[in-house]
Structure formats: C-alpha cells, structure tokens
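Colleague: Quick one: this structure, given as structure tokens, is what I'll be asking you about.
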Ligand code: AOF
Ligand code: ZN
C-alpha cells in the first residue's frame, strides 16, 4: 500500500514534468521521467527530465544522464512506455537496462506500433520489475493528443468559445469585441502554447484580424501552427496572419485545386508572403484532421467562428468544449453562439467550472462509449 502511494507521488511528478514541454516536442509526445533511489535514508530523486523541445532526446536518456551511476538499482517512473525501436535515437528500454535500473513504473502503454508492449517486454526480459497503469487516467489525459493521433489518426480537438451573458460571440461588422477579461485571455494564450495547431474560419479571420499566437511572457516562441479554412482564398495578404506567416506558419485550406485567374493570383499572392495553401475539402473537416495528423499535429484548438464551430460539432469531431461565459451583454446586434451553458450538444458531459476574474470557464468532454 505504501509503495502504491509512493509510486503515485513520483508518477505525479513525472506527469508534471511532461506537461512542461507539451506542444513543444513536434510529433513526438512530451514524456516525463523521474529516477528515484533509496540508500536507507529515504527515497531521493537522482535524475529527472522531460522530452527535449523538438522531440529528442527522449526523457529517459536525459534523466539517466543526470542520475549517472546513481541509476544502478533505482526505480524509473515514466509517463509513457519506454521506446523499444531504433528511431532517430536508440531504444530507451536499452538505456534503462544498461544503466542498471531495477524497477520501471509506467503510466500509459505506447500505442506506437513500433513500441506497443515491446518496450515493457524488453525490460522484463532483462529482469527488471515492471509496473504499469500507475495514474493511468491522468497519464491518458496528459498524452491525450498523442494518443488520439496514434489511435484515431486525427488530432485531439478542443473547441473554445467565449460567450456573452446573452449568448453572443461577437457583434456583426465590429471586428474583435472583447468579451472575456485579462485573466481568461492569459489562460487562452497558455493553452495556445500547449497546443500544436489553432484553427479559425475565414469569416473570423477577416472580421477579427486575429494573430492567433501565444502572447504570454516566455512562451512567445511556443505559438501553434495557424490554420484558416478559406475556400475562396479571401485571406488578405495585409492581414496580421499573412503578414506574420514567415514567423509563425500559416496554412490556408481550400477545396479548390485551381480556379479563375483571380483565384490563382490570390493563391500566388498568399504564397509569396509565406502562407501555405493546402487543398482539402473544407466541408469535410475529418479529411483535414487526417491530413494534419499525418503532418504530426496531435492537438487542435478550434477558436471559431460560429459556423466553423457548428461544422466540427455536427461532424462529431469535437473532444472537449471550453466555454467562457462573461457577465456583459452584447445586445441584439450580436452574433449568436452555437451553444451556451443552457444548450450543450448531446454527448458532452460537464467536467468542471473554473473562474477567471469575472468570467466562468465550463469544460465539457465528449463521452465516447467505446
Ligand atoms: C520514449 N521517451 O521521451 C518519447 C518517446 O522519432 P523518434 O525516434 O524520436 O521516435 C518517436 C517515438 O518515440 C514516438 O512515436 C513514441 O513512440 C516515442 N516517444 N519515447 O521512450 C520519450 N518522447
Ligand atoms: Zn525513447
């Protein structure tokens, strides 16, 4: 019993570490590893690490390097099964064996077909004691993007909406209308930094002229890939998105391979400023998600507008809804939200309410039955 509590305590620490590089490890999951030993004077962390930015080196090899000879006879806590494949780096399972680790505690088994149980098998074959499923629920949550991409070939999709007290998400013809306060905005910028890609429809891109970057001190370089659904290529080359495309990548999605001379000119103008034009039917967001998964995108934040949100909901492609509700009313000129606290789509379960200044954030998660 005591050992189980200790295991959970150190796995919680490994998960906390994993979170630090979430959204910054490319197509590789952000994994946490903590190495613990007891020399008779209590348990002591002798090395810990998170998957490096960009995805390599993996967590285990860095934690082992930090522990040095102290790894011999120690326990390694890893949020994801150690890899068994020779990829861009040698297998972490081999590194753990070579370092003399005595016990490995894992939260989640790696669905990557090159690993998927083989990492654990290698460790067991080498005489290492292996425990799995520790803080499994928390581990699955931390790795939700990576797991969704590997299991379902699409990113984990979060829909974020900010709704006024009278159920509106903006005012027609008014550009960006501040709905939530500074605290909620700071939270959204942090969320962007932890997410691989962010998507809006062309209506929002034109009306709001948003930047969609992570503007929070220290996280500016963690901005996600920015995506605009824009079948007619109407994104102005003078928009903030297009003007910053060389700093933070922008994808514009159209269903048309070619078209009128004017269409081709708009395409060339966008490409000239560094925007990437991708051909994928915008009416079938599932195809776009599959294409994004192939590019290594594990998590996607859909930030509106109403039509884009509705389409993702209709197609059953939303895994989580983050609904901010602000106390102000926008009045009759407002653009109605596809949902609010009293109208949540079927299948979503309310999981928590948080407060940001005067705003409420309700989280709803889609309950998959399988
Ligand atoms: C680990 N520890 O910290 C991570 C792992 O392209 P490669 O060679 O880097 O391999 C990527 C795969 O490695 C990825 O799909 C997943 O299975 C695993 N990620 N494994 O042992 C880590 N990030
Ligand atoms: Zn590895």
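Colleague: Could you count how many residues in segment 17-38 are out of contact with any helix residue (DSSP H, G or I) (no Cβ under 9 Å at 6 or more places or on another chain) and either farther than 21 Å from residue 150 by Cβ or assigned by TED's automatic domain parsing to the domain that holds residue 300 (or both)?
Modeller: Looking only at that region, the number is 2.
Per-residue answers, yes or no, for (1) more than 22 Å from residue 66 (Cβ to Cβ); (2) assigned to a strand (DSSP E or B); (3) within 9 Å of ligand 1 (Cβ to nearest atom):
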position: 82; (1), (2), (3): no, no, yes
position: 86; (1), (2), (3): yes, no, yes
position: 94; (1), (2), (3): no, no, no
position: 104; (1), (2), (3): no, yes, no
position: 112; (1), (2), (3): yes, no, yes
position: 115; (1), (2), (3): yes, no, yes
position: 120; (1), (2), (3): yes, no, no
position: 127; (1), (2), (3): yes, no, no
position: 133; (1), (2), (3): yes, no, no
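Colleague: Can you tell me which residue in segment 242-258 is nearest to the chain's Cα centre (by Cα), limited to those that are closer than 26 Å to residue 311 by Cα and exposed (fewer than 14 other Cβ atoms within 10 Å of the Cβ)?
Modeller: Of everything passing the filter in segment 242-258, 257 is nearest to the chain's Cα centre (by Cα).
Colleague: Also: Just to be sure I understand the filter: pairs with C-beta atoms under 9 Å, separated by 6 or more residues or on different chains, first member in segment 85-106 and in contact (Cβ under 8 Å) with a residue 40 or more places away in the chain, second member within 13 Å of ligand 1 (Cβ to nearest atom) and not in a helix (DSSP H, G or I). Which pairs pass?
Modeller: Between residues of segment 85-106 that are in contact (Cβ under 8 Å) with a residue 40 or more places away in the chain and residues that are within 13 Å of ligand 1 (Cβ to nearest atom) and not in a helix (DSSP H, G or I), the close pairs are 101/76; 105/76; 105/77; 105/78.
A quick yes/no check of all residues on (1) within 18 Å of residue 322 (Cβ to Cβ); (2) surrounded by 15 or more Cβ atoms within 10 Å (Cβ to Cβ); (3) in the same structural domain as residue 53 (by TED's automatic domain parsing):
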| residue | (1), (2), (3) |
| --- | --- |
| 224 | yes, yes, no |
| 231 | no, yes, no |
| 240 | no, yes, no |
| 261 | no, no, no |
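Colleague: Would you be able to say whether some residue in segment 147-165 is within 16 Å of ligand 2 (Cβ to nearest atom) and assigned to a loop (DSSP other than H, G, I, E, B)?
Modeller: From segment 147-165, those within 16 Å of ligand 2 (Cβ to nearest atom) are 150; that's our starting set.
Of the ones still in play, those that are also assigned to a loop (DSSP other than H, G, I, E, B) are none.
No, that holds for no residue.
Colleague: Could you please give the count of residues in segment 48-60 that are surrounded by 16 or more Cβ atoms within 10 Å (Cβ to Cβ) and within 10 Å of ligand 1 (Cβ to nearest atom)?
Modeller: Total satisfying the criteria: 9.
Colleague: Which strands (runs of 3 or more DSSP E) sit wholly inside segment 311-369 and have at least 3 residues that are crowded, with 16+ Cβ neighbours inside 10 Å and touching a strand residue (DSSP E or B) at 6+ places or on another chain (Cβ under 8 Å)?
Modeller: Numbers: elements: 320-325, 334-336, 348-356, 359-366.
Of the strands (runs of 3 or more DSSP E) lying wholly inside segment 311-369, those with at least 3 residues that are crowded, with 16+ Cβ neighbours inside 10 Å and touching a strand residue (DSSP E or B) at 6+ places or on another chain (Cβ under 8 Å) span 320-325, 359-366.
Colleague: Determine which member of the set 35, 45 is farther than 28 Å from residue 221 by Cα, at pLDDT 95 or above and buried (at least 24 other Cβ atoms within 10 Å of the Cβ).
Modeller: 35
Colleague: Ok, one more. Residue 259 passes all but one of (1) in a loop (DSSP other than H, G, I, E, B); (2) at pLDDT 95 or above; (3) over 28 Å from residue 27 (Cα atoms); which number fails?
Modeller: (2)
The values are calculated or read from the model by the stated rules, or taken from the named source; none is laboratory data. Being a predicted model, the structure only gives us computed values, none of them experimental. Cβ: placed from backbone, ideal geometry, glycine included. Neighbour counts: every protein chain shown.
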